[in-house]
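Have a look at this one.
The values are calculated or read from the model by the stated rules, or taken from the named source; none is laboratory data. Quick caveat, the model's predicted, so the values are computed rather than measured. No Cβ is skipped: glycine too gets one built from the backbone with ideal geometry, and neighbour counts run over all protein chains shown.
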Amino acid sequence: MTTFAYWKGVADAATGVILLTKPEIIYHSSVAKFLNRISGLRLPNPYPTANGEISAQHAVAIMVIAVGLGHIRASKDRHSIPSLVVMNAVWSALALGTVIFKPHRATSALLMTGINHFIFASIMFLRSKMTVKEMLGLKGSKTKEV
């Protein structure tokens, strides 16, 4: 089992449950407030009132739980690490890309998730000893447990 990926999955699933039940714990956390101060990005509203916002926020929470459970399951097979690295790298790139290119759509929580997924992808990539070609599926995978 790849321990790092397993615990990253547990953390994602727990984060999703928090986002469903008490989103202010994350959206108004010390880290989110710090990133708000240094970036100027707004804090997210933990309890939106518009129907579209409520649905979108609920969908994000569900997706975070699903991604976490996927990490937990995939952690049992070291050959799944390239997929996890790509998924986390894409999540980070899209989040940070939004912060940079569409800051009016970004929040301090989006910056936070972009940073942490970059860290997760980097750690999994570096610890696996795989090449970029292996990560992208362009060459056979020779990953070691993370």
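Scan the stretch 102-140 residue by residue and report those that are more than 30 Å from PHE34 (Cβ to Cβ) and outside any helix (DSSP H, G or I).
LYS129, MET130, THR131, LEU136, GLY137, LEU138, LYS139, GLY140
I've got another one for you. For the stretch 75-96, give me the residue count where each residue is assigned to a helix (DSSP H, G or I) and either polar (S, T, N, Q) or at positive phi (or both).
4
Also, I was wondering about something else. Looking for whichever is free of Cβ contacts under 8 Å to residues at least 24 places away in the same chain and either β-branched (Val, Ile, Thr) or closer than 25 Å to LYS22 by Cβ (or both) here; the options are ALA109, ALA95. Which one fits?
Result of the check over ALA109, ALA95: ALA95.
Could I ask something else about it? Would you mind finding the one in THR2, THR49, THR21 that is under 30 Å from LEU138 (Cβ atoms) and of a type in the set (S, T, N, Q)?
So the residue among THR2, THR49, THR21 that is under 30 Å from LEU138 (Cβ atoms) and of a type in the set (S, T, N, Q) is THR2.
Just one of PRO23, PRO46 is in contact with an Asp or Glu (Cβ under 7 Å, 6 or more places away or on another chain) and over 16 Å from ILE115 (Cβ atoms); which is it?
Selected residue: PRO46, the only one of PRO23, PRO46 that is in contact with an Asp or Glu (Cβ under 7 Å, 6 or more places away or on another chain) and over 16 Å from ILE115 (Cβ atoms).
Here is a further query. With respect to ILE38, determine if the residue is at pLDDT below 95, part of a helix (DSSP H, G or I) and out of contact with any strand residue (DSSP E or B) (no Cβ under 8 Å at 6 or more places or on another chain).
no
Which is of a type in the set (Gly, Ala, Ser), modelled with pLDDT under 90 and either under 19 Å from VAL10 (Cα atoms) or in contact with a strand residue (DSSP E or B) (Cβ under 7 Å, 6 or more places away or on another chain) (or both), of SER122, SER128, SER80, SER92?
None of the others qualify; the one that does is SER80.
Could you list, in sequence order, all residues of the stretch 1-46 that are hydroxyl-bearing (Ser, Thr, Tyr) and within 19 Å of ILE65 (Cβ to Cβ)?
Matches in the stretch 1-46: TYR6, THR15, THR21, TYR27, SER29.
Run down LEU94, LEU111, LEU19 and say which single residue is crowded, with 20+ Cβ neighbours inside 10 Å and either under 21 Å from ARG127 (Cα atoms) or under 11 Å from the mean Cα position of the chain (by Cα) (or both).
LEU111
Still on this structure, I have one more. Among residues belonging to the stretch 114-139 that are closer than 24 Å to PRO48 by Cβ and not polar (S, T, N, Q), point out the one that is nearest to the chain's Cα centre (by Cα).
Across the stretch 114-139, the extreme among qualifying residues is HIS117.
Need pairs with beta-carbon distance below 9 Å; first residue touching a residue at least 12 places away in the same chain (Cβ under 8 Å) and within the stretch 10-25, second outside any helix (DSSP H, G or I) and acidic (Asp, Glu); sequence gap 6+ or separate chains.
Final answer for the pair search is none.
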